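*Asks:* One structure follows; several queries about it will come next.
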Amino acid sequence: QEPLEGSGGGSVETGGSLRLSCPTSGYADVSYHLTWLRRPPGREREGVASLNTADGTTSYSDSVKGRFTIGLDNAKKSLYLEMHGLKPEDTAMYYCAAGAPWRVNRPLDASSYSTWGRGTQVTVSS
């Protein structure tokens, strides 16, 4: 698998669930921020959820808070995003991104990240 390559996307109906994942590719071992970004159709990319691997703290955008959960597997080899109660506005290409802590000011600011993986498509129908 390519570094930070996302997987697990698909097509679901409103209210459905999906679990996305990507390999951490070593970034979780060096205290990087690991973040899920998405690009909805016709919109700019935006931060969805971020994990500070140095201390385990998480950040979520207001639009997904309470519905999405970001985390690592026990071996820190995979980053996941559990998504529940999916809505049509969640439709987007989702990406894993990694950022060095000295370059990430706001963890959900998509412009803070230059290291990307291949995305996985999530489509939510009405």
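The values are calculated or read from the model by the stated rules, or taken from the named source; none is laboratory data. Just so we're clear, the structure is a prediction, and the values are computed from it rather than from any experiment. Cβ coordinates were reconstructed from backbone atoms using ideal geometry, including for glycine residues, and neighbour counts include every protein chain displayed. These area figures cover heavy atoms from the full protein model, side chains too; ligands, DNA and RNA do not enter into them. Shrake-Rupley method; radii C 1.70, N 1.55, O 1.52, S 1.80 Å.
*Asks:* Say each of Arg43 and Lys87 gets a label point 7 Å from the Cα, pointing the same way as Cα to Cβ; how far apart are those two points in nm?
*Replies:* The answer from the label model is 0.9 nm.
*Asks:* Any idea what % of Cα-Cα pairs in the range 35-74 are farther than 10 Å?
*Replies:* The answer is 72 percent, as a whole percent.
*Asks:* If you plug each phi of the range 75-83 into the Karplus form 6.51 cos²θ - 1.76 cosθ + 1.60 with θ = phi - 60°, what whole-Hz ³J(HN,Hα) values come out, in order, with x for Gly and Pro?
*Replies:* 8, 6, 9, 9, 9, 10, 9, 8, 10
*Asks:* Something else: Could you tell me the accessible area of Trp116 in Å² (1.4 Å probe, neighbours in place), rounded to the nearest ten?
*Replies:* Solvent-accessible area, nearest 10 Å²: 80 Å².
*Asks:* Would you mind pulling out the separation of the Cα centroids of the range 3-64 and the range 82-126, in Å?
*Replies:* 5 Å
*Asks:* Tell me, what ³J(HN,Hα) does each residue in the range 84-90 have, in order and in whole Hz, if you take phi through Karplus 6.51 cos²θ - 1.76 cosθ + 1.60 with θ = phi - 60° and put x for Gly and Pro?
*Replies:* 10, x, 5, 10, x, 5, 7
*Asks:* Probe 1.4 Å, all protein chains in place: accessible area of Val30 in Å², nearest 10?
*Replies:* Approximately 80 Å² of Val30 is accessible to the 1.4 Å probe.
*Asks:* How high is the relative contact order of the chain, given as a whole-number percent (alpha carbon pairs under 8 Å, six or more residues apart)?
*Replies:* It comes to 36 percent, rounded to a whole number.
*Asks:* Can you sort Glu5, Glu13, Glu89, Glu82 by 1.4 Å-probe accessible area, starting with the largest?
*Replies:* Descending accessible area places them as Glu13, Glu89, Glu82, Glu5.
*Asks:* What are the ³J(HN,Hα) values, in whole Hz, obtained from phi via the Karplus relation 6.51 cos²θ - 1.76 cosθ + 1.60 with θ = phi - 60°, for each residue of the range 41-46 in sequence order, with x given for Gly and Pro?
*Replies:* x, x, 10, 6, 5, 9
*Asks:* Distance in nm between label sites at Glu13 and Leu72, each 7 Å beyond Cα in the beta-carbon direction?
*Replies:* Result: 3.8 nm between the two label points.
*Asks:* Further question on the same structure: For the full complex of protein chains and a 1.4 angstrom probe, list Met83, Met93 by accessible area with the highest value first.
*Replies:* So, going from the largest accessible area down, we get Met93, Met83.
*Asks:* On to the next question. Counting only Cα, what are the radius of gyration and maximum Cα-Cα distance Dmax of the range 20-126, in Å?
*Replies:* Every Cα atom of the range 20-126 included, Rg and Dmax give 12.9, 41 Å.
*Asks:* OK, next. Just to confirm, what accessible area per residue do you get for the chain at 1.4 Å probe, in whole Å²?
*Replies:* Per-residue value: 50 Å².
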